[in-house]
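Everything on this sheet refers to the single structure shown next.
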Amino acid sequence: MKFILPNHRSPSARRTGKSARQMVGSTLIEVLVALLLLSFTLLGIAGLIGAITRYQLGVDSRSVITLLFNDLTNRIRSNAAQANAYIYNSTSWSGQQSAISDPGAFCGATDDVACTPVQRAAYDVWELRTAIRRALPQGGLLIDGNPANGLIMSLVWFDKDFLWYDGGAPTLKTSPTCATSMSSVELQSCCPSLASVSSTAGVRCLNYTFIR
C-alpha cells in the first residue's frame, strides 16, 4: 500500500514565492514610473522645440525686415530730390491685401527704359511692397513723415505665433496703436493708426525712422 503525502511547502519556500511576487510587482511599478517620467520629458522637449522654432522665425523675420529697410534707405538716398515721393500712407493694412498695382513705368526692368525721378520713386515703392508681400505673411508697408524730420517706415504683417498666454488656451495678441506718450522702445513695435489694425488680432508692426 502506498501513501501519498500532501505537498506541503516549507516556510522558507513560501517566503521565497511571496518575495518573487513582490519583486514582480515592484518591477512593474518602477516601469510605470519610468514611463511617466519619460512622457513628461518628451512633452518638455516638444515644447522647447516649438519655442525655439518660434524664436527662429522671429529672428528670420527681423533679419528680412532689416534688409528691406536698408534697401529703402539706399533708394531714397540715390533719389534724394524726390524723397517726398516715397511717402506711402493712404492705404491701410487690410486695403493692401489686394493685388499690388503696377507702377506705370518699370524703371530698370529693361535697359531701354528711362524714368523721371518721380517715376523712379513710384517704381521703388512698388518693388519694395512686392518684396515685403513675398517675405512676410500678408505683409504691408507704410511710409510716413517728412524727409527733413525723418521718414518712418512701418512694416505690418500677420504672425500666427503672436500669442498671449493667460493660463488657458493661447490667444492671438493685438498690437497697441502708436501714441506720442509711448517710450522709444514701445514706438518700435506699435502699429501706426494709418494701418487700421487696432482691433485685428495677430497683426504685428515694426517701425524704423530714417533721416536722409
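Laboratory data are not the source of any read-out in this text; all were calculated from the coordinates shown. Computed from a prediction, not measured in an experiment: that's the story for all the values here. Cβ coordinates were reconstructed from backbone atoms using ideal geometry, including for glycine residues, and neighbour counts include every protein chain displayed.
Any idea which of V185, V156, V197 is surrounded by 19 or more Cβ atoms within 10 Å (Cβ to Cβ), out of contact with any helix residue (DSSP H, G or I) (no Cβ under 7 Å at 6 or more places or on another chain) and aliphatic (A, V, I, L, M)?
On inspection, the qualifying residue turns out to be V197.
Among the residues of segment 149-159, are any of a type in the set (S, T, N, Q), in contact (Cβ under 8 Å) with a residue 12 or more places away in the chain and over 21 Å from R75 (Cα atoms)?
No.
Just to verify a result, which residue in segment 159-182, among those that are hydroxyl-bearing (S, T, Y) and exposed (fewer than 12 other Cβ atoms within 10 Å of the Cβ), is farthest from L68 (Cα to Cα)?
Here the residue is Y165.
Considering only residues that are aromatic (F, W, Y) and not in a loop (DSSP other than H, G, I, E, B), which ones fall in segment 69-108?
F69, Y86, Y88, listed by residue number.
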